[in-house]
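Accompanying notes for the structure given below.
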Amino acid sequence: MPDIRDYTDIVGQGVIEELFLLAERLDGKEIQNINSTAVGGGVAEILSRMIPLLKQLGVNARWDVIKGDERFFSTTKKMHNALHGVDSPISADEFEHFVQVNRDNAADMTFAKDVTFIHDPQPIALVERKTELGSKWLWRCHIDFTEPRMQVMDFLNPYIAQYDASVFSAPAFSRHLPIPQVLISPSIDPLSEKNKDIPQSVVDATLAQYGLDRERPIVTQISRFDYLKDPVGVIHAYRKVKKYIDCQLVLAGGGATDDPEGMQVLAEVREAAADDPDIHVLFLPPSSDLEINALVRGSSVVLQKSLKEGFGLTVSEALWKGRPVIASAVGGIPLQIAHKYSGILTHSIDGTAYYLKQLLQEPEYAEKLGKNGREHVRTNFLITRHIRDYLLLFLSVFYPGDIVRFDGARNDATP
Amino acid sequence: MSEVTPFRFYSRSHQVLLLGRRARSIPELLEGVRDLPPASIYYHTHRFLQQHHYLSPEPPNDFAYWVTNILNLDNLGESLASVDIMAHTQIEDLRRAIVEKLSDHVAAGKHMTTAPPGEEFHFMACKTFVIPTQYVAHDLKEFAEQLSKVTLDTLYFHIFEAPLRLKQEGNDFSTWFAALGHDELARKFAAFDPYTVTLQRLRLRLIATVNKYA
């Protein structure tokens, strides 16, 4: 597990010092995070990295997990799908059980005296205890709810309204709410296996391992085999380019072998690839972070031709490695790429092919985009920015107003 | 000169707020710009400076970027990009300048274009936290040394945020130089247009200029 000071070489000493200065202002405050799973999933992953770093900064932060039975989690899965816009009706009994499980957890739980930060809908009803406890409550929705089903929103809205503030990952998820809404984008960890710097020899060995030729351009999309990532569309774009440029295509990603849809997509991708020896379809096991790191670093251009996307952190992961990226303008991707400044945004197979040809023919321009992209990620999408946003979020509930000015000694701003 | 208060460098952090409101067309953008809180006008005219501070030429303000890249209205986009932020010392003046350009476009009946679903303009704002850093300068030499160490957020605060949002007269640096009796240096700093260079280049230029007087 990295130490907060290990990030100094990446983001600069000033950024780390600033985190300590902000954390100092939370001295004496107790911050509690609550979600529904200790392992697996993006929320648990980020909390498991974030909590130790917050503690190193001197923040009294902790993390608790609610318990639930199968029926509860079956209901929360339906809620998740409904928030994604999928028709997923929930019965009155299921809603009632959901609330009861939250109340049972609330009865057993020791709440923080200052701030309780709830992640996602599963523990949302714990907020019923807020008035009695007199503490500040925050709710973060990590899910894309651009077009949520009304039934689930009608159920959640009275709970959301009780919080002091809500947090969303992208502007498109924002909606009319009676409480303040804060934008906090997800982040990548530059010291993780998937993103850390690796020697060129590892990159070369990985490319050789998968039969890739370093002498010819390599175009890569990293994503699980899912229709929404449009891997077959990527093959069509590659074919349009291949007529003019002798390049290779890598479609690499994982997926659960017990996911029938994923296997179906993989089969369709292999069929579309047919017998082209320059299309490399790599179904990778979950422990392939280092290989993915090397494949991206060895690529001439990285694609993310998603049809729909939550935030799309694979874009930041590629940009962080200085690779030029062509990605669809969906979900959180436009936050990560300013078109023609830090990458290319497209809307179609033709557009992807058009820009892919350009970047492969103009490697200097492509490198410039990659370089800008890396700097954009350094400033905006690394875990240190995420920590700063959380510190500001906790401070914001104690200090109202547009501008909070701390002058001189600690705690001199008027709460 | 010994009576002059030493210069303390401050840093600032922004919390980004979502306003739950979006625009699909120029009339909707105009309506939003008219109604937005001042913190939102500030955010949308300065976000690019913070998020893309390493780029030159820099992308334009959010309004110009959206109008040009999403609505494909190049003329209006260029017009919005050219709003001279340096010339507006108050957020409300800046708002008026943007409203005027959007109103002219709507009045000319050229407002039929709408953004495709998913590419609407999302109105946002920011809450600013200003924090004193450990860096303090007692003279020009020390000032130049400290300026090379502070974060770009600190530079950003003193150059952009303090004059426009805290309504301070001129930038903080010029004010302090003038207090030290370096009027010429103060005038030079006040005349820099920081909106057209990257923050890193601006930092180097400022250090080089201060060193000539140190």
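When the alpha carbon gyration tensor of the stretch A:200-380 is reduced to an equivalent ellipsoid, its three semi-axes come out at 22, 18, 17 angstrom, largest first. Modelled this way, with points 7 Å down the Cα-to-C-beta line, the labels at A:L177 and B:A190 are 4.5 nm from one another. Annotation: lysines with alpha-carbon distance below 25 angstrom to A:K77 (same-chain offsets under eight excluded): A:K67, A:K229, A:K308. Check each of the GluC sites (Glu not before Pro) in the stretch A:293-365 and keep only those in coil by DSSP with at most 15 other C-beta atoms within 10 angstrom; list them in order. Taking the stretch A:293-365 and a limit of 15 other Cβ atoms within 10 Å, no loop GluC sites (Glu not before Pro) are found. If you sort the three axes of the alpha carbon gyration tensor as a ≥ b ≥ c, you get a/c of 1.5 or more for the stretch B:133-195 and a/b no higher than b/c, which makes it oblate. Summing charges over neighbours of A:S192, with a neighbour being any other residue whose Cβ is under 10 Å away from its Cβ, gives -2 when K and R count +1 and D and E count -1.
A P(r) calculated from all alpha carbon pairs of the stretch A:1-123, with 5 Å bins opening at zero, reads 2, 10, 16, 17, 16, 13, 9, 8, 6, 2, 0 percent. On a 0 to 90 degree scale, rounded to 10, what angle separates helix A:349-361 from the longest Cα axis of chain A? Approximately 70 degrees, to the nearest 10. Straight Cα distances below 17 angstrom link A:K196 to the lysines A:K321, A:K371, with same-chain residues fewer than 8 positions distant left out. Quick one: angle between helix A:200-209 and the longest Cα principal axis of chain A, in degrees between 0 and 90, rounded to 10, please. Orientation of helix A:200-209: about 70 degrees from the principal axis. Accessible area of A:S300 (1.4 Å probe, protein heavy atoms only, ligands and nucleic acids ignored): about 40 Å².
For the stretch A:329-354, a reduction of at least 30 Å² in accessible area between the chain on its own and the assembled protein chains (probe 1.4 Å) is found at A:A338, A:H339, A:Y341. Using the alpha-carbon positions of chain A, Rg (one decimal) and Dmax (whole number) come out as 22.7, 69 Å.
The lysines whose alpha-carbon is closer than 17 Å to the alpha-carbon of A:K240, local same-chain residues fewer than 8 away aside, are A:K305, A:K357.
Protein-only accessible surface at a 1.4 angstrom probe places the residues A:H176, A:H280 in the order A:H176, A:H280, largest first.
Relative to the longest principal axis of the Cα atoms of chain A, the long axis of helix A:70-83 makes an angle of roughly 70 degrees. Annotated for chain B: lysine pairs at least 8 residues apart or interchain, Cα distance under 20 Å, count 7. Of the DSSP H helices in chain B, those with a Cα length along their own long axis of 18 Å or more and a mean Kyte-Doolittle hydropathy reaching -0.5 comprise B:91-107, B:199-213.
All other residues whose Cβ lies under 11 angstrom from that of B:F123 are scored, Lys and Arg at +1 and Asp and Glu at -1, for a net of -3. Under the simplified labelling scheme, the B:D84-A:E364 pair shows an inter-label distance of 3.5 nm, with each label point 7 Å from Cα along Cα→Cβ. The sum of -39500 (n - 2.57) across all DSSP H runs of n ≥ 4, divided by the residue count of chain A, sets its helix-only mean residue ellipticity at 222 nm to -13000 deg cm²/dmol. By DSSP, the beta bridges lying fully in the protein assembly as shown are antiparallel in about 25 percent of cases.
Normalising by residue count, chain B has a Cα convex hull of 116 Å³ per residue. In this simple spin-label model, placing a label point 7 Å from the Cα along the Cα-to-Cβ direction at both B:T113 and B:N75 gives a separation of 1.1 nm. Peptides A:343-350, B:96-103 ordered by packing proxy, namely the average of other Cβ atoms within 10 Å per residue, highest first: A:343-350, B:96-103. When every Cα-Cα distance of the stretch B:16-125 is counted in 5 angstrom steps from zero, the calculated P(r) takes the values 2, 12, 24, 28, 21, 10, 2, 0 percent.
The values are calculated or read from the model by the stated rules, or taken from the named source; none is laboratory data. This structure is a prediction, so every number in the text was calculated from the model and none was measured. When we count neighbours, we look across all protein chains shown, and the Cβ atoms used for this are built from the backbone with ideal geometry, even at glycine. These area figures cover heavy atoms from the full protein model, side chains too; ligands, DNA and RNA do not enter into them. Shrake-Rupley method; radii C 1.70, N 1.55, O 1.52, S 1.80 Å.
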